[in-house]
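Notes follow once the structure below has been shown.
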Amino acid sequence: MKTYLVIVEKSDSGYSAYVPDLPGCVAFGETSAEAETQIRAGVEFHIEGLRLEGLPIPEPTTQALTLSVAA
């Protein structure tokens, strides 16, 4: 099992999600929870496609930090 970082961003029309280690793997939802459900399905589909084409599955390498700063 691999653990990939997922970035979720709020937009004017909902939420988008993408996986930096899986280029092209993106999803959208009206809520954050819906975007998470969609990106989970997207990651599974993306990896299945790579396997079917005999391509390597990228290793997760992206990390994230959360910083608190005075604003």
Original post:
Inside the range 1-28, can you point out the residues that are buried (at least 16 other Cβ atoms within 10 Å of the Cβ), of a type outside the set (F, W, Y) and within 22 Å of E59 (Cα to Cα)?
Top reply: V6, A17, V19, P20, D21, L22, C25, V26, A27
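Condition first: assigned to a strand (DSSP E or B) and acidic (D, E). Now tell me which residues in the range 1-17 satisfy that.
Going through the range 1-17, the residues assigned to a strand (DSSP E or B) turn out to be 7-11, 14-17.
The answer is E9, and nothing else.
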Subject >> the range 29-48, subset over 17 Å from T62 (Cβ atoms) and of a type in the set (V, I, T), residue surrounded by the fewest Cβ atoms within 10 Å (Cβ to Cβ) >> reply: T31
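Rule-based calculations on the coordinates, nothing more; no lab input. Computed from a prediction, not measured in an experiment: that's the story for all the values here. Positions of Cβ are backbone-derived with ideal geometry, glycine not excepted, and every protein chain shown enters the neighbour counts.
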